[in-house]
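Input: a single structure, listed below in structure tokens.
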Amino acid sequence: MKPCNRRQLLQSSSVLAVGALATAAEAEETPKPAKWKVLVAGAHPDDPESGCGGTIARYVDRGHEVAILYLTRGEAGIKGKSADEAAAIRTAEAKKGCAILKARPLFAGQIDGATEVNAERYAAVRKIVESEKPDVVFTHWPIDSHPDHRACSLLIYDAWLRLGRKFALYYFEVNLGGQTQCFRPTHYVDITAVEPRKRDACFAHESQNAKGGWYPDMHVKMQLYRGMECRVHMAEAFVHHEQSPYGRLPDM
């Protein structure tokens, strides 16, 4: 089956969706290296896993290297715990989730609930991205009700601009409609086969009640909905920055 994107799906009702769901023409524009370097940046522990954990698993299964950058350690994320206590618990959960996905964890050192967007923070994130030398980067969609999500998106976008717009830039969604808003996907990745691994990575965040709350109540429904859009069982959806390179989603 040939890859396709949202534009092609709208043009023809007979197109079948597959894993990468990028256009064949787009894929040809970018020569495939033996191994891609992928960076997924999220505001808090569990954001990268919930936003594109299935896509991360697919990259890893194809031999590519994935690093997950957490802007914060979730300091404000556990009721009744101090910032240091919450950070220790959620850092351990993030590392457990990364181990399940076989990704490498990185931490940017900002504080949950008090993230900053200024010259110093731009430079710090840009330094991390530059050192990783990624071929493709995923981060939050910037129109989001959570200020930490917006901050993460802007910091990554600035790094993309200042580093020469060389890597493919994609935006992921979290809590569709509640946090991520006005999100219109351009590309999809079929995560049907790897969803159990994504689920386990999300369940690693025990302090966030992933198992009994937001994952089955929210993300399973999102994945089924996005799967319906591209004619697979479960999918993750992305918006591609059209000025960045194409063809760097995981293929068949």
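Overview of results
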| item | result |
| --- | --- |
| Cβ charges +1 (Lys, Arg) and -1 (Asp, Glu), total dipole of the stretch 107-252, debye | 260 |
| With Cα atoms, 0 to 90° folded angle of helix 220-230 axis to the chain main axis | 20 |
| The chain: relative contact order in percent, alpha carbon pairs under 8 Å with at least 6 residues between | 27 |
| Cα centre as origin, Lys/Arg/Asp/Glu Cβ charges: the stretch 35-84 dipole, Debye | 140 |
| Cut-off under 5 Å, modelled amide H: who pairs with Arg104 long-range | Val66, Ala67, Ile68 |
| Most to least packed among 234-244, 105-115 [average Cβ atoms within 10 Å] | 234-244, 105-115 |
| Length released on extending from Glu120 to Glu85, taking residue separation times 0.36 nm less the Cα-Cα span | 10.0 nm |
| Acute angle (nearest 10 degrees) that the helix 47-61 long axis makes with the longest principal axis of the chain, alpha-carbon atoms | 50 |
| Ratio Rg/Rh, restricted to the chain and using Cα atoms, in which Rh is the Kirkwood radius | 0.95 |
| Hypothetical label at Arg104: residues of the stretch 116-147 whose amide nitrogen lies under 11 Å (7 Å Cα-Cβ projection) | 131-134 |
| For the stretch 135-209 and the stretch 32-93, distance of Cα centres in Å | 10 |
| Helix 147-162 vs. the chain, principal-axis angle (Cα, 0 to 90°, nearest 10) | 60 |
| Label-to-label distance, nm, for residues given as Lys133 and Met228 (7 Å Cα→Cβ offset) | 4.5 |
| Percent RCO, i.e. relative contact order, over the stretch 93-175, from Cα pairs under 8 Å lying at least 6 residues apart | 30 |
| The chain, dipole about Cα centre (Lys/Arg Cβ +1, Asp/Glu Cβ -1), debye to the nearest 20 | 460 |
| Farthest toward positive dipole pole in the stretch 112-252 [+1 Lys/Arg, -1 Asp/Glu at C-beta], among Ala168, Gln223, Tyr157 | Ala168 |
| The stretch 105-252, relative contact order [Cα under 8 Å, separation at least 6], % | 25 |
| Calculated from backbone phi, Karplus (6.51, -1.76, 1.60) coupling profile of the stretch 128-139 in Hz, x at Gly/Pro | 5, 4, 4, 5, 7, 6, x, 8, 8, 10, 10, 8 |
| All-pairs Cα distance distribution in the stretch 98-144, expressed in whole percent, bin size 10 Å | 18, 50, 31, 1 |
| Positive-end residue, the stretch 19-168 charge dipole about Cα centroid, Cβ charges, pick of Gly77, His64, Phe138 | His64 |
| If the convex hull is drawn through the Cα atoms of the stretch 134-213, its volume per residue in Å³ | 130 |
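Every read-out reported here was derived from the displayed coordinates using simple, explicitly stated rules and does not represent laboratory data. Note that the structure is predicted; figures quoted are calculated from it, not measured. Cβ: placed from backbone, ideal geometry, glycine included. Neighbour counts: every protein chain shown.
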